[in-house]
Amino acid sequence: MTIKAVELFAGIGGFRFACDELGIKTIWANDLDDKASKIYQQNFKSGTFVQDDIKKQFDSIPSHQLLTAGLPCQPFSSAGKKKGLNDSRGTLFESLVHILKIHSPTFFVLENVKRLLSMDKGKHFATILDSLSSLDYLIEWRLLNAIDFGLPQHRERIIIIGTKNTVQPKSFLCSHRDISVISKNQLNQIACVDRWANIIKHDDKFPNWGLSYHNQFISDHLTTFSAAQKSVRLKDIIQKQVDPAFDFTRETLTRLKSSQRVEKYYNGVEIVYNQKGGARMGYTIFGINGVAPTLTSSTSRHYERYKIGNQYRRLTPIEYARIQGFPDNHCEGVSVYDQYALYGNAVPPPMVKWVINRLISNQFIHFNDLNNQMELF
Ligand SMILES: C[S@@+](CC[C@H](N)C(=O)[O-])C[C@H]1O[C@@H](n2cnc3c(N)ncnc32)[C@H](O)[C@@H]1O
């Protein structure tokens, strides 16, 4: 039976792209934004796309088994005004909960910025976890990085999944290798839901992985893992010849006279120069031997320079597409600046493809049956 999906806050369709590749049929999608809606509809022809405020569309959502949503990150983003759930856009989360209550899909997958885990001493994440786990889903979250899915970008995103009809603690987002480094004592705690902590009493930032069920949770700091076949660097994806409009060589050479050569890597990103050795992103020159820093929708970031041979230039929209894991011309038809913003806002399809594939192919680890599974390590 073909799985039917609904995509909320669809943007340019990062989740949709992943679902298409997995043979999942996206039957309904929604976004408010003109440009995102235009790009979505020009790339994905089947199913219904509705351009509107989601709060006005509750009644038109058809029944489905998988719900995906990349909630607007601005209310939670460190680049934003840090208003969190108090921001009116934060209430979009309530819309999502409402839709989950009505349709009760078998699975859901949400994506958001890393800062959600620490914002306001974990209060926002606790609120989110508390609401979702009271809907009779087993919730699991994990911080994932685009670099671990074969993309040349340091992009950490929190993925939250919900699975229905499960009372047993199990993990879809951990490998046996991840589990093998968790202490035996902690594993025993994870296996016994009664020993999990009360979410609302928690007042600290949350670790990068955890499970939650019926307003209780358990969490741990997992080391990163890689699902990538091979590591990809910027030099592997850059365009050999680009329009001179992307070139800033002359002015950059002048600016470099007052810059310091740094030559270091930070989170896999090669930093060649820094203005006076400082950390201001706007003055940094990146190299192509590492990966890109997190692409964002914020305009100042789109002028960042990369040293490519003897040239200093910004990245092209085609390079943005490749860094995020989209086809080269996915956002064709809107301005270069809009393309940067749309890609910067999107979820990398390879990252969520991995997650959704684990869900639909039932690849999980049962915690209360670990003694038998240990042999598999
Ligand atoms: C972080 S982006 C999601 C990007 C998407 N996952 C992708 O791959 O492109 C959030 C999206 O939510 C949309 N949005 C914001 N408020 C909305 C609302 N009230 N109703 C529907 N969509 C909304 C924005 O237009 C934006 O495209």
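The values are calculated or read from the model by the stated rules, or taken from the named source; none is laboratory data. This structure is a prediction, so every number in the text was calculated from the model and none was measured. Cβ placement follows ideal geometry from the backbone for every residue including glycine, while neighbour counts extend to all protein chains displayed. Only protein heavy atoms, including side chains, enter the accessible area calculation; ligands, DNA and RNA are left aside. Shrake-Rupley method; radii C 1.70, N 1.55, O 1.52, S 1.80 Å.
Overview of values
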item: Computed over the chain: relative contact order in percent, which uses C-alpha pairs under 8 Å that are six or more apart; result: 17 percent
item: Unit charges at the beta carbon, dipole of the chain: most positive-side option, 135, 241, 176; result: 241
item: Computed over the stretch 234-345, Kirkwood Rh from alpha-carbon pairs, angstrom; result: 14.3 Å
item: Candidates 228, 29, 18, ranked by Gaussian network fluctuation over the chain, Cα under 10 Å, top entry; result: 228
item: Net charge of Cβ neighbours under 15 Å - reference residue 24; Lys, Arg +1; Asp, Glu -1; result: +2
item: The chain - share of DSSP beta bridges that are antiparallel (%, nearest 5); result: 65 percent
item: Residue 227-residue 48 pseudo-label distance in nm [points 7 Å out on the Cα-to-Cβ vector]; result: 3.0 nm
item: Estimated dipole of the stretch 234-345 in Debye, rounded to 20 [Cβ of Lys and Arg +1, of Asp and Glu -1, Cα centre]; result: 620 debye
item: Probe 1.4 Å, accessible area per residue of the stretch 1-73, Å²; result: 43 Å²
item: Residue 134-residue 264 FRET efficiency (beta carbon distance; Förster radius 45 Å; 0.05 resolution); result: 0.45
item: Computed lengthening from residue 247 to residue 357, 0.36 nm per intervening residue step minus Cα-Cα distance; result: 35.6 nm
item: Under 5 Å, built H, 5+ apart or other chain: amide partners of residue 273; result: 262, 263, 285
item: The chain - mean residue ellipticity at 222 nm from DSSP helices (-39,500 (n - 2.57) per run, n ≥ 4, rounded to 500); result: -7000 deg cm²/dmol
item: Whether the chain is rounded, prolate or oblate, judged on the alpha carbon gyration tensor where a/c under 1.5 counts as rounded; result: prolate
item: Most mobile listed residue (210, 23, 70) in the chain, GNM with C-alpha springs under 10 Å; result: 23
item: Accessible area expressed per residue, the stretch 234-345, with surrounding protein chains retained (probe 1.4 Å, Å²); result: 49 Å²
item: Nearest-ten-degree value, helix 34-43 long axis tilted from longest Cα axis of the chain; result: 80 degrees
item: Highest-fluctuation residue, 264, 164, 240 considered, GNM on the chain with Cα pairs under 10 Å; result: 240
item: Within-15-Å neighbourhood charge of residue 149 [Cβ basis; K, R +1; D, E -1]; result: +3
item: Modelled FRET efficiency - R0 41 Å, residue 118 with residue 310, Cβ distances, 0.05 increments; result: 0.50
